[in-house]
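Scroll down for the structure; my scribbles are underneath it.
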Amino acid sequence: MENCLFCKIAAGTIPSDKVYEDNELLVFKDISPIAPVHLLLIPKKHISTLSDCTDHETGLLGKMLALVPKLAEQHGCSVKSDNKGSPYGGYKTLINSGPDGGQEVYHLHIHLIGGTKPWSK
Ligand code: AMP
Ligand code: ZN
């Protein structure tokens, strides 16, 4: 999709601080983090908002959500009871949708936000 920031990041024409990539998904650090850990998970294909997903995207959405706890664990946000050595005790998962939902970039993304509070959003 032309003129979509996250499509350009997915294509590599705009740089990002990548932390995960596979054939369908890309995960990179938010450029303006609101917490010690702030990652964005995107599908490589353009989907504007969560509301633009159809039954066809059920598998993709499930894959994105299932990746969240793995990334959280890797970035020190364990929620497991024996999280010895993990600096943070949890994380927040957020999808902003539409103008009144606070969405700024119209390419579907999941925020993974973690670290010691306080932080907002
Ligand atoms: P949202 O308000 O849910 O649409 O979130 C968009 C997010 O994209 C914000 O948290 C921005 O800080 C982040 N963002 C904007 N441009 C970039 C960029 N070039 N690289 C990484 N994150 C970005
Ligand atoms: Zn896009």
Scanning segment 64-88 for residues that are more than 15 Å from L41 (Cβ to Cβ), loosely packed, with under 15 Cβ neighbours inside 10 Å and not basic (K, R), the one modelled with the highest pLDDT turns out to be V79
For segment 16-32, the count of residues that are farther than 20 Å from K63 by Cα and either among the β-branched types (V, I, T) or exposed (fewer than 14 other Cβ atoms within 10 Å of the Cβ) (or both) equals 3
Considering every residue within segment 73-84, establish whether at least one is within 16 Å of ligand 1 (Cβ to nearest atom) and under 17 Å from the mean Cα position of the chain (by Cα). yes
Screening T13, T93, T49 for residues that are surrounded by 14 or more Cβ atoms within 10 Å (Cβ to Cβ) and farther than 13 Å from H111 by Cα leaves only T49
Counting only residues in segment 87-97 that are more than 16 Å from ligand 2 (Cβ to nearest atom) and not aliphatic (A, V, I, L, M), the one farthest from P36 (Cα to Cα) is identified as T93
Residue hits (segment 52-63; more than 13 Å from the chain's Cα centre (by Cα) and either in a loop (DSSP other than H, G, I, E, B) or surrounded by 15 or more Cβ atoms within 10 Å (Cβ to Cβ) (or both)) are C53, T54, E57, L60
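Okay, residues lined up against (1) touching a residue at least 60 places away in the same chain (Cβ under 8 Å); (2) touching a strand residue (DSSP E or B) at 6+ places or on another chain (Cβ under 7 Å):
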residue	(1), (2)
T13	no, no
D17	no, yes
D22	no, no
L26	no, yes
I42	yes, yes
L50	no, no
T54	no, no
L67	no, yes
Of (1) in a strand (DSSP E or B); (2) farther than 13 Å from Y20 by Cα, K45 satisfies every one except (1)
Filtering segment 96-118 down to residues that are surrounded by 15 or more Cβ atoms within 10 Å (Cβ to Cβ) and either at negative phi or not in a loop (DSSP other than H, G, I, E, B) (or both) yields N96, S97, Q103, Y106, H107, L108, H109, I110, H111, L112, I113, G114
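The values are calculated or read from the model by the stated rules, or taken from the named source; none is laboratory data. This is a predicted model, so every value here is computed, not measured. Every residue, glycine as well, gets a Cβ built from its backbone with ideal geometry; the counts of neighbours run over all protein chains shown.
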